[in-house]
1. Six or more apart or on different chains, Cβ under 9 Å: which pairs go from a residue in region 16-29 that's without any contact (Cβ under 8 Å) to a residue 40 or more places away in the chain to one that's of a type in the set (Phe, Trp, Tyr)? Could you list them?
2. I'm trying to understand the selection: among the residues of region 69-78, which are farther than 10 Å from Arg17 by Cα and touching a helix residue (DSSP H, G or I) at 6+ places or on another chain (Cβ under 6 Å)?
3. Of everything in region 1-28, what is at pLDDT below 85, of a type outside the set (Val, Ile, Thr) and in a loop (DSSP other than H, G, I, E, B)? Give them in sequence order.
4. Do the conditions hold for Thr120, that is, is it among the hydroxyl-bearing types (Ser, Thr, Tyr), under 21 Å from Glu33 (Cα atoms), assigned to a helix (DSSP H, G or I) and modelled with pLDDT under 70?
5. State which residue is farthest from Glu205 (Cα to Cα) when the search covers only region 155-165 and only residues that are open to solvent by 10 Å² or more (accessible area, probe 1.4 Å) and assigned to a helix (DSSP H, G or I).
Amino acid sequence: MPDKGTASLHWDYRDGRVAAVAAAVVYSLWVLEMVLPGGETVRAAPGEPVSAFEAFWESAHRMASILVMVAAGLGLSLGARETRRWLLVSWWAMFAFGALSLATSLIPGRCTVSTDVACTVEALVEGAGGPATLQAVLAVAAMAAALLSVVALAVNRWRRGDRMWVPVAVLAGFQAVTAVGVLVVSWVFVSSGTGQPGTAMGTAERAHLVALALWLLAAGLLRGPWLRTPRARRAAAPR
């Protein structure tokens, strides 16, 4: 945020919290496909121009990926220092999730966002190979990074004696279940060779998006991972 005294750009931990919450909101925009024109057709067929919603979702996804990296970067540089090991793991995994998601959306393949596993499954079944294979690998890596981040955050809150570790652990469990669900459904359709993801894949994807949004929301709303203990207070604290 701008520094009123110097009129220069000055960042603090609050910007990181806002970025995380904003990313959670953006990852929740999939609900608009139910009301926007063209939303029911999220992916265009190969060789056809993308729909308005697909173009919107691609831009929103890239924005969310950048916001995640900003939040993680500010958490690493300006966040809390207590139980630093697990908090470092959480921040770095969050940054990796954002970077992998952004990289997936920039690959010139059929699938525009890393969370669109149904697209990568369909492309793999149809033998697209190349970019589709890379997108699938990056999508799974991004999924694993997000899960590692929320698990490390839960451990960090537990070690700090923060009662909020319980809901964060629940979110971690929910994210694990949805991630496994996406992978299982993907494997079933790849094995079947039909290339028709269907309703099951769409439901699994949306559940995982909800889990991602809740994780980012928690990361932004929790005060503990962001607030540093003043040096004087740390020095006076019993060891």
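The values are calculated or read from the model by the stated rules, or taken from the named source; none is laboratory data. Remember, predicted model here, so these are calculated numbers, not experimental data. Note: ideal-geometry Cβ built from the backbone for every residue, glycine included; neighbour counts use all protein chains shown. Side chains included, ligands, DNA and RNA excluded: accessible areas come from the protein's heavy atoms. Shrake-Rupley method; radii C 1.70, N 1.55, O 1.52, S 1.80 Å.
1. Leu29/Phe56; Leu29/Trp57
2. The answer is Met69, Leu76, Leu78.
3. Quick first cut of region 1-28, residues at pLDDT below 85 only: 1-13.
Subset that is of a type outside the set (Val, Ile, Thr): 1-5, 7-13.
Answer for region 1-28, where residues must be at pLDDT below 85, of a type outside the set (Val, Ile, Thr) and in a loop (DSSP other than H, G, I, E, B): Met1, Asp3, Lys4, Gly5, Ala7, Ser8, His10, Trp11, Asp12.
4. Details: among the hydroxyl-bearing types (Ser, Thr, Tyr): yes; under 21 Å from Glu33 (Cα atoms): yes; assigned to a helix (DSSP H, G or I): yes; modelled with pLDDT under 70: yes.
Yes, satisfied.
5. Among residues in region 155-165 that are open to solvent by 10 Å² or more (accessible area, probe 1.4 Å) and assigned to a helix (DSSP H, G or I), the one farthest from Glu205 (Cα to Cα) is Arg159.
Yes/no per residue for (1) assigned to a helix (DSSP H, G or I); (2) modelled with pLDDT of 70 or more; (3) touching a Pro at 6+ places or on another chain (Cβ under 8 Å):
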{"position": "Ala179", "(1), (2), (3)": "yes, yes, no"}
{"position": "Gln196", "(1), (2), (3)": "no, no, no"}
{"position": "Ala204", "(1), (2), (3)": "yes, yes, no"}
{"position": "Ala207", "(1), (2), (3)": "yes, yes, no"}
{"position": "Pro225", "(1), (2), (3)": "no, yes, no"}
{"position": "Ala235", "(1), (2), (3)": "yes, no, no"}
